[in-house]
Amino acid sequence: MTNLDQDWPEPIVRVQSLSESGCPVIPARYIKPPTDRPTASAAASDAVNIPIIDVHGFCLDQDEALRDTILRQVSDACRDWGFFQIINHGIRAELLDDIREGWHDFFQLPVEIKQGYANNPRTYEGYGSRLGVQKGAILDWSDYFFLHYLPPHLKDHNKWPAAPPCLRELIEEYGEEVVKLGGRLLKLLSLNLGLQEGYLRNAFGGEDVGACLRVNYYPKCPQPELTLGLSSHSDPGGLTLLLPDDQVAGLQVRNGHKWITVKPAPHAIIVNVGDQVQVLSNAIYRSVEHRVIVNSKKERVSLAFFYNPKSDIPIEPAKELITQDKPALYSPMTFDEYRLFIRMRGPQGKSQVESLKSPR
């Protein structure tokens, strides 16, 4: 699949170790250009938040009015924000709490244990601290753990953390629940686009979808005004289902010319449209830039579950959505090809997907 080098272009430094060193200043490699720093953007209003949608009634076929209300709310959120939070989504609150706590405990393990899972650009799977392979790139203030969940032949429990002892079982149960939720959400999006309810899931590969998890760890930062936990980007995959830290805000979503700091609802899952859905919908739904700010007093853990198309299926706009007035904006490209394109460059705002538009 990939032409990436076997290793990172420079020695890897764990951000957690920088944070715990007690140094009052961050290394120059983490200082963002003035235009990209959190304080350089228009201040977000505390009164504004991404939509919160109760999706419990979507499966209750006997209440058509409630179902229509949910469809409309999701449609508006996808068009206006590209992001929304869902509550009453069917995943046990205890499971959400337990898996978030389990991953927090993993990042508190001694570094030599975590180093046993160190990743490289070739597979990306494991314990990491940078995205992209550009030498000399400005880095983000975060560590992470990335693992494959689907397809089954990529899932390798031995690559998942063995400590804390319950974590592998929690990942398995959580993955199963989130995959089911992703399938239900694709039905919602398909219906709102005027397509058959199974259209997007079939375009993703039906039973052969891809799914992976990136757990983000954002250590305390002595100069949070100079850096970001994750640079501005849109997600390259299909749908992202994020379990945020509901005690410490950090995710920011671009809305117009402002960055809105998301205020997570308790036990909510944050959903956002990825680049592949933007392509399939012919940009009726758009993936949206987002980033993560860091905190001088508190660390954060969040779990981003990516529900993606099968890697070798060409993704292109649905023919039902192409008209004379709105021709296809994108040429076919497999998710594997697009993912390689992204990984070579690292986070680049919306420029990745916009660069794929067909010449007009």
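The values are calculated or read from the model by the stated rules, or taken from the named source; none is laboratory data. Keep in mind that this is a model prediction, so the values were computed, not measured. Reconstructed Cβ throughout: ideal geometry from the backbone, glycine too, with neighbour counts over all protein chains shown. Ligands, DNA and RNA are stripped out before the accessible areas are found, and what is left, the full protein with its side chains, is counted by its heavy atoms. Shrake-Rupley method; radii C 1.70, N 1.55, O 1.52, S 1.80 Å.
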Q. What list of ³J(HN,Hα) couplings, whole Hz, do you get for segment 235-251 from phi and the Karplus terms 6.51, -1.76, 1.60, once you set θ to phi - 60° and write x for glycine and proline?
A. 6, x, x, x, 10, 10, 10, 9, 9, x, 7, 7, 9, 10, 6, x, 5
Q.
Angle check, please: helix 64-80 long axis (alpha carbons) against the longest principal axis of the chain (alpha carbons), in degrees 0 to 90, nearest 10.
A. 50 degrees
Q: Working from Cα positions, state the angle (0 to 90°, nearest 10) between the long axis of helix 93-107 and the longest principal axis of the chain.
A: 30 degrees
Q. Using the heavy atoms of the protein chains alone and a 1.4 angstrom probe, what is the accessible area of the chain per residue in square angstrom?
A. 44 Å²
Q. Within a Cβ distance under 12 Å of residue 219, other residues only, what is the Lys/Arg minus Asp/Glu net charge?
A. +1
Q: Quantify, in whole percent, the carbon and sulfur part of the accessible surface of the chain (1.4 Å probe; protein heavy atoms only).
A: 52 percent
Q | the chain: angle of helix 167-192 to the longest principal axis, Cα-based, in degrees nearest 10 | A | 30 degrees
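How would you order 99-109, 211-221 from highest to lowest mean count of nearby Cβ atoms within 10 Å? Let's see the in-between values first.
Values: 99-109: 18.7, 211-221: 22.6.
Ranked from most to least packed, the peptides come out as 211-221, 99-109.
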Q: Amide H neighbours of residue 315 under 5 Å, at least 5 residues apart or on other chains, H built in the peptide plane: list them.
A: 333, 334, 335
Q: For residue 180, list the lysines whose Cα falls under 29 Å from its own Cα; do not include residues on the same chain fewer than 8 positions away.
A: 155, 159, 263, 310, 319, 350
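Taking square-rooted eigenvalues a ≥ b ≥ c of the alpha carbon gyration tensor, is segment 110-164 rounded, prolate or oblate, where a/c under 1.5 means rounded and, failing that, a/b exceeding b/c means prolate?
Numbers: a/c = 2.57, a/b = 1.38, b/c = 1.86.
Oblate, because a/c is 1.5 or more while a/b does not exceed b/c.
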Q. If Lys and Arg each add +1 and Asp and Glu each add -1, what is the summed charge of the other residues whose beta carbon sits under 10 Å from the beta carbon of residue 336?
A. 0
Q) What net charge do the residues around residue 127 carry, taking every other residue with its C-beta under 13 Å from that of residue 127, with Lys and Arg at +1 and Asp and Glu at -1? A) +2
Q) What is the extension gain from residue 134 to residue 35, computed as 0.36 nm multiplied by their sequence separation minus the C-alpha to C-alpha distance, in nm to one decimal? A) 33.6 nm
Q) Arranged from highest to lowest average of other beta-carbon atoms within 10 Å per residue, in what order do the peptides 233-241, 76-84 appear? A) 233-241, 76-84
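Based on the Cα atoms of the chain, what semi-axes does the equivalent ellipsoid have, where each is the square root of 5 times one gyration tensor eigenvalue, given in whole Å with the largest first?
On the way: eigenvalues 189, 104, 95 Å².
Semi-axis lengths for the chain are 31, 23, 22 Å.
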